[in-house]
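Report on the structure given below.
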C-alpha cells in the first residue's frame, strides 16, 4: 500500500512474528494468495507450509515444485491418473531418478500418504528414504498384484525404516497373512511402532485370532490399534477370549483400541439381532479393561450378540478412568435402568462420545439413564435400537443440553425423520452435526413434543422423582394432576418456542442455528422434498450435506415424479459442499428387463435440480451395476452435473467416458476434477475402458488450459 | 489419425494364447468392455482381438473425421487396417449389431480373411420396406429417436444438460437406442443416421463366407423375420441360432450362455 512513510504496515513486522502468524493459517487458498504479495511473504509462506497434497499428473513428476521444502506432511496418493503406479508404469531407468527428485523436493517429510499399486513404488521411494519419516499411510483399492510374494508389500518398509511410529493400512487392500510375518521378523523396527491401523474396509475376512496375537506381540509399545477381524464363532480364527487376553497382555499401553467385525463394512446398517452370540464372556471383557488402564477410546463393533454386558461395562468405568470415546456394536444390556440406580455404561461419567449399535434391549429408560450418567456427552450415536422412542430421546437431549452437539440416529424403527427432529428440538439451537434417516411417515403429527421439564429444577431432582414423573407420561397427554412446567433453557428464554407450546399444532419457527453438517440416509425411490417440512426448515449455517441413497432399483417402479428433490436444498443459503452417495444403489446399466428403468434414468431422477444449488464442492458416487462391477456416470448425469455452474471441485467415485468428462469443461471456475474409484476392486485399466490414461491426461490438460479468474 | 497407429488409436488388444484368431467387435454406444465377461471363455483356445469403434467413448474424440465416417465403408477400412497391422491372415469374427454389418462388408472385400462370421443382433436394413420387408422400424419411430438426439445436441451446445436417453423414445426403438445415447452428443445423430439409412439387402448375396446368425428370443430391434431373410439371402452357407434369452445385448445380459453358444457355433 502506498502511504506516507510514517504509516506502518504488516510487512514491517519482524519476521519472527510474521512467521508465527503465517504458521497459524491453514486454508490453502489463503496461503496461496499470501505467497503472491511480495518476496518476503512468499519466503515466509513456504517456510511455514507444513502440509501439502499433490494433485498434478504423474507424467509431469519431473516438474515437481521445489519451493515447498518445509513440508512435513505430504500426500501423493491423489496424483492423476488416480491409482497410478507411481514410477512403475512403466518402470524405466529413470524411475529411481524420479523417486529421488520427489525426495529432494520435500526433504523434511515426516508423514507420507502414498498410493502403492505395486510394491516397487515403495521400494523405489524408500531406497534412499527420508531420515525423519515417522508416519506412513498406504492406499490401494486395486487388486493385489498377481503372483506377489506374501509380505512383499511391506518387506522393504520395515527393513529400511527403523523408526516408523505410525502405519495406516485402512485403505490398503492386502491379504491378512502378508503382515504378521514381516512384523515379527523386524522386532527392532516394530518396537517404535505406536499406531497401527488395520481397519481395512476392503477386507471381507479380516485378521484371524492368531494373526492378531502375533501382531500385538511384535509391537509391544502400541498406543493405537485398529483391526478388522471376525467375531463369529463359526469361523476359523474368530476373535474370542484368548485374543482379547493376548491384546491386553501384549500391549498394555493401548490408549485406543478399535476392533470391528468385517461384516460391519459390508452391511453397515445390519440386522438388529443376528441371533448368534459372540464368544466373549464377562470375565474376558473385565480382564481386557483391567489390562488397559490408559484406554481413552474403545470401539468393539461385534456383529454377534454380547449379552449381559452391564457388569463388564461397570468395570470399564472403574478400570479405565481416561475413557472418552466408546462405540459398542451389538452389546445387549448395556445399562439395565433398574429404578434410578446408575449402572453399566452410564457409570462412565467422563465419556465424551458414545455410539450404540444394535442394542436390542436399550429403551427409553436406558437412554435417560445414559443421559444422567454420561453427563458430559458431546457426541451420541444410536443405530438399530428398536425400543427407543421420541420421548426417551428427547428427555436425554434435555439432560445433555449443555454439552451435546453431535448426534446420529439411524435404523431405529420408532424414530422416523420427523420424530427424530422433534426429539432434538430442545437442543435445536446447539446441534452442529446431525444424522438421521429420511423415513417419512404418512400422517405426521407436527405437534410439539411431550415432557416439558424445568431443567433448572432437574439438578436438584433426585432419581426416583425423575423416573416417576417420566413414567406416568404415556402418549404425551398430560395427566391432569400434574402441573405442566415450562421449559426454561439457561438464561435465555426461548420465546417463540414457549409460544408454540400452547399451540396444539405447534410448528417450529426455530432455526437450527449452529447446524453445520447434515447427514441423511434415504431409501431408493423415496423423495427428499419433505425435508424442510419435517422440521428442518431453517438452517442458516448449514454448509455441508452428505446424502446416502441406498436400495435396489431392480424391481422398483418408476418414480411418479421426475425429481428426487435436490433442489429443495436451495433453502439452505450457506450450503456449499455436498456428498451424494448412490454407490449402494444397485441396478442395471444396460440390461434392465422391459418395464424396468436403466440406471441412466435413475441418475437423471437423482440429479435433476442439482444445478439450482450453489455448490462449491461435490463428491458423487454413481449407482452401480453389481453384475459387471460398473459404477459409471451416464449421459444425463454428466449433463446435469455440468449445470452446477459454481462448482470448483468435483470428484466422481466411479468411471465415465472421456466425452462426458468434457461436459465439465463448461463449468467456468472448475479447478479440480478427478475420477476416484476408491472401492474394492477398483477397475483395472484394461477392463474398464471408460477412462484410459490418455483420456485422463487429455481431459486434465483441457481443464488446466482454461483461464480462471481467481 | 496422423502419426498414431491404428492399433493405438482404436485401443486394439490381443488376449489369449490359442493358435487361431478370433475378433470381437462391439456395436454402437458401447466399447470393447462389453465383451469382458465373454472373453475369458476364449482366451485359452484363441488369440482374441478386441478393438473400439472410432465413435466409442474410449477413443480420442479427435479421431472421428466427419468427412470420412459417412458410411459403413470407413469402418470396414478400419477393421481391415487393424487385421493387416497385426498380420492376421485368417480369423473368425463375432460382430454385434452394426459390427455384424461391418463384418459382412469386410468379408465381401476380403473373403479369404474370414473363416466364419457370427452375427449377433444383425439386420441389413432397419426400416420397414412396404409389405415385403419387415425391418422392424417405421420412419416415424426413427424420427423420434433423431429428434431426441437433436434436442440433446442443442442442449449440450448451449450448456444445458442433454437429458434424453434411450428409454425416452417409443418402445419399438427403445431397446436398440438405449446404447446409442451413450455416444458423444455431437456425433450421436450423425452416426445414428448412418445406421438407420444403411440398406445392405442388395449385397447379402455377395457374402460367401459361412455365417451363423444369432437371434435372441425377443429383440425389439430385430424381428425374427429379418434373421430368416438374411439366412435366405446370404451367399454362403448360413445357419440361424435362436438364443433363449431376451434383449438386444446378450453379451451383457447373458454372457455365459452366449459364450457357450459361440463355442458351439465356432466349432461347426
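The values are calculated or read from the model by the stated rules, or taken from the named source; none is laboratory data. These figures come from a predicted structure and were not determined experimentally. When we count neighbours, we look across all protein chains shown, and the Cβ atoms used for this are built from the backbone with ideal geometry, even at glycine.
Details
- Among the conditions (1) within 30 Å of residue A:172 (Cα to Cα); (2) in contact with a helix residue (DSSP H, G or I) (Cβ under 6 Å, 6 or more places away or on another chain), the only one that residue A:75 does not satisfy is (2).
- Positions within segment A:54-80 being within 20 Å of residue A:704 (Cα to Cα) and free of Cβ contacts under 8 Å to residues at least 60 places away in the same chain, in sequence order: A:54, A:56, A:58, A:60, A:61, A:62, A:63, A:64, A:65, A:76, A:79
For every residue, the table says whether it meets (1) modelled with pLDDT under 90; (2) within 12 Å of chain B (Cβ to nearest Cβ).
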{"residue": "A:545", "(1), (2)": "no, no"}
{"residue": "A:570", "(1), (2)": "no, no"}
{"residue": "A:590", "(1), (2)": "yes, yes"}
{"residue": "A:605", "(1), (2)": "no, yes"}
{"residue": "A:621", "(1), (2)": "no, no"}
{"residue": "A:627", "(1), (2)": "yes, yes"}
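- Comparison of A:698, A:706 shows that the only residue that is modelled with pLDDT under 90, surrounded by fewer than 18 Cβ atoms within 10 Å (Cβ to Cβ), touching a helix residue (DSSP H, G or I) at 6+ places or on another chain (Cβ under 8 Å) and more than 9 Å from chain B (Cβ to nearest Cβ) is A:706.
- The set of residues in segment B:12-40 that are without any contact (Cβ under 8 Å) to a residue 40 or more places away in the chain and in a loop (DSSP other than H, G, I, E, B) comprises B:16, B:17, B:18, B:19, B:31, B:36.
- The helices (runs of 4 or more DSSP H) located wholly in segment A:231-332 that include 1 or more residues which are within 19 Å of residue A:195 (Cα to Cα) and either touching a helix residue (DSSP H, G or I) at 6+ places or on another chain (Cβ under 9 Å) or assigned by TED's automatic domain parsing to the domain that holds residue A:357 (or both) occupy A:241-250, A:282-291.
- Odd one out for residue B:96 among (1) more than 18 Å from residue B:230 (Cα to Cα); (2) within 14 Å of chain A (Cβ to nearest Cβ); (3) surrounded by 18 or more Cβ atoms within 10 Å (Cβ to Cβ); (4) touching a helix residue (DSSP H, G or I) at 6+ places or on another chain (Cβ under 7 Å): (1)
- Test for residue A:372: is it more than 23 Å from residue A:518 (Cβ to Cβ) and either part of a helix (DSSP H, G or I) or not assigned by TED's automatic domain parsing to the domain that holds residue A:516 (or both): yes
- Unique residue being within 24 Å of residue A:410 (Cα to Cα), in contact (Cβ under 8 Å) with a residue 12 or more places away in the chain and in a loop (DSSP other than H, G, I, E, B) when the list is A:575, A:569: A:575
- All of (1) modelled with pLDDT of 90 or more; (2) assigned to a loop (DSSP other than H, G, I, E, B); (3) within 11 Å of another protein chain (Cβ to nearest Cβ) hold for residue A:685 with one exception: (1).
- Count of segment A:565-596 residues, restricted to those that are crowded, with 19+ Cβ neighbours inside 10 Å, farther than 26 Å from residue B:182 by Cβ and more than 21 Å from the chain's Cα centre (by Cα), is 4.
- All positions within segment A:378-396 that are in contact with a strand residue (DSSP E or B) (Cβ under 6 Å, 6 or more places away or on another chain) and buried (at least 24 other Cβ atoms within 10 Å of the Cβ): A:380, A:382
- For segment A:173-193, the condition holds for no residue, the condition being that it is assigned to a strand (DSSP E or B) and either more than 29 Å from residue A:264 (Cα to Cα) or modelled with pLDDT of 95 or more (or both).
- Selection count, segment A:7-16, where residues are surrounded by 10 or more Cβ atoms within 10 Å (Cβ to Cβ) and within 24 Å of residue A:52 (Cβ to Cβ): 1
- Test: residue in segment A:643-654 that is within 9 Å of chain B (Cβ to nearest Cβ), surrounded by fewer than 24 Cβ atoms within 10 Å (Cβ to Cβ) and either part of a helix (DSSP H, G or I) or modelled with pLDDT of 95 or more (or both): no
- Conditions (1) surrounded by fewer than 18 Cβ atoms within 10 Å (Cβ to Cβ); (2) under 28 Å from residue A:677 (Cα atoms); (3) within 21 Å of the chain's Cα centre (by Cα); number of the one not met by residue A:527: (3)
- Residue satisfying all of: in segment B:41-53; part of a loop (DSSP other than H, G, I, E, B) and more than 12 Å from chain A (Cβ to nearest Cβ); nearest to residue B:254 (Cα to Cα) among these: B:42
- For segment B:94-145, residues that are within 30 Å of residue A:636 (Cα to Cα) and over 19 Å from the mean Cα position of the chain (by Cα) total 6.
- Number of the exception - residue A:599 against (1) surrounded by 18 or more Cβ atoms within 10 Å (Cβ to Cβ); (2) in contact with a helix residue (DSSP H, G or I) (Cβ under 8 Å, 6 or more places away or on another chain); (3) within 11 Å of another protein chain (Cβ to nearest Cβ): (2)
- Some residue of segment B:99-107 being away from chain A (no Cβ under 13 Å), over 30 Å from residue A:700 (Cα atoms) and outside any helix (DSSP H, G or I): no
- Checking each residue in segment A:655-682 for being in contact with a strand residue (DSSP E or B) (Cβ under 8 Å, 6 or more places away or on another chain), farther than 20 Å from residue A:138 by Cβ and touching a residue at least 40 places away in the same chain (Cβ under 8 Å) picks out A:672, A:675.
- Residue within segment B:231-239 that is facing another protein chain (nearest Cβ under 9 Å) and either outside any helix (DSSP H, G or I) or farther than 28 Å from residue B:52 by Cβ (or both) present: no
- Among the residues making up segment B:24-38, those that are within 9 Å of chain A (Cβ to nearest Cβ) and more than 21 Å from residue B:123 (Cα to Cα) are B:33, B:36, B:37.
- Filter result (buried (at least 23 other Cβ atoms within 10 Å of the Cβ) and either assigned to a loop (DSSP other than H, G, I, E, B) or modelled with pLDDT under 90 (or both)) within segment A:407-430: A:412, A:415, A:424, A:428
- When the helices (runs of 4 or more DSSP H) confined to segment A:1-61 are screened for residues that are closer than 20 Å to residue A:649 by Cβ, those reaching at least 2 such residues are found at A:28-34.
- Among the residues of segment A:655-676, the ones that are assigned to a loop (DSSP other than H, G, I, E, B), within 30 Å of residue A:203 (Cβ to Cβ) and within 14 Å of chain B (Cβ to nearest Cβ) come to 1 in all.
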